[in-house]
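Undergrad: Below you will find the structure I want to go over with you.
The values are calculated or read from the model by the stated rules, or taken from the named source; none is laboratory data. The structure presented is a predicted model; accordingly, all values stated were derived computationally and were not measured. FYI the Cβ positions are ideal-geometry reconstructions off the backbone, even for glycines, and counts take in every protein chain you see.
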Amino acid sequence: MSAGKEFSAAGMAVRTAATLFVFVIIFTGLLSGAFLWTKPAIEASAAEEKMKLVDEVLPRTEYDNALLEDTLALPATPELGLTDPTLLYRARKAGQPLGLVFEAVAPDGYAGKIRLIIAIRANGEVAGVRVTQHKETPGLGDYVEIKKDKNKARPWITQFTGMSLAQVTDKDWKVKKDGGQIDYHAGATVTPRAVSKAVFKAAQWAEANRDRLFAEGAAK
């Protein structure tokens with residue numbers, strides 16, 4: 001190959017590389033622009049989905065602060081069955097502590113971990129509990145999830161609403177088969193037993209740490 005042809009081939013390769021580089025820059029810029037343009041909508045949608053879940057355990061009418069902005073980072077918390085960091089949300093009314101909303105995990109479900117969201121009022125009363133994720137046997141243990149519970153008038157998970165350490169004994173947090181007051185479905189005691197234990201531990205943890213949780217990182 002002559003020197004002229006080699007030079008021409010090298011020049012073409014450089015031009016091709018330059019064209020590809022410019023294309024990548026433009027494409028990256030377009031993607032970045034699209035992300036920045038859609039980011040507010042995506043964040044708003046995610047926030048609304050969070051609030052829908054929170055609403056199930058603690059109605060918005062009970063507090064007047066921006067709940068999703070009044071948060072506290074929780075490290076892995078064995079008492080709650082949490083092995084990873086998570087966020088705790090603090091509800092307030094006229095600046096006063098009203099309730100805590102946080103995640104918990106029942107590690108000993110029949111088919112593995114059962115993830116929960118729990119709201120505990122400042123007076124220690126359970127405001128609500130919901131199962132957010134599980135792998136329990138369909139038709140047998142999955143009634144702990146409110147959407148799959150056939151009893152729409154009084155779903156199983158609502159039994160915890162209103163319970164508190166001050167009003168019932170430690171034993172009452174167990175299923176009736178174990179001497180407590182929590183109902184269960186015959187042939188499926190492992191799942192409700194795991195959830196009951198997790199809710200009880202969460203109530204104890206919230207009671208023991210309530211003042212610190214509301215005060216830590218609070219706006220002055």
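Undergrad: What's the number of the only condition in (1) assigned to a helix (DSSP H, G or I); (2) surrounded by fewer than 16 Cβ atoms within 10 Å (Cβ to Cβ) that residue 168 fails to meet?
TA: It fails just one condition, (1).
Undergrad: While we're looking at this one, here's another question. Find the residue count for the stretch 115-162, including only residues that are more than 19 Å from residue 184 (Cβ to Cβ) and in a loop (DSSP other than H, G, I, E, B).
TA: 4
Undergrad: Now a separate question. Looking at the structure I just gave you, is residue 107 surrounded by fewer than 19 Cβ atoms within 10 Å (Cβ to Cβ), touching a residue at least 60 places away in the same chain (Cβ under 8 Å) and closer than 24 Å to residue 193 by Cβ?
TA: Yes: the conditions hold for residue 107.
Undergrad: Of the residues that sit in the stretch 172-193 and are closer than 17 Å to residue 155 by Cβ and touching a Leu at 6+ places or on another chain (Cβ under 9 Å), which one is surrounded by the most Cβ atoms within 10 Å (Cβ to Cβ)?
TA: 191
Undergrad: Among the residues of the stretch 115-153, count how many are β-branched (Val, Ile, Thr), in contact with a Gly (Cβ under 9 Å, 6 or more places away or on another chain) and closer than 23 Å to residue 84 by Cα.
TA: 3
Undergrad: Listed residues 38, 19, 83, 61; which is assigned to a helix (DSSP H, G or I), among the hydroxyl-bearing types (Ser, Thr, Tyr) and at pLDDT 85 or above?
TA: Exactly one of 38, 19, 83, 61 is assigned to a helix (DSSP H, G or I), among the hydroxyl-bearing types (Ser, Thr, Tyr) and at pLDDT 85 or above, namely 61.
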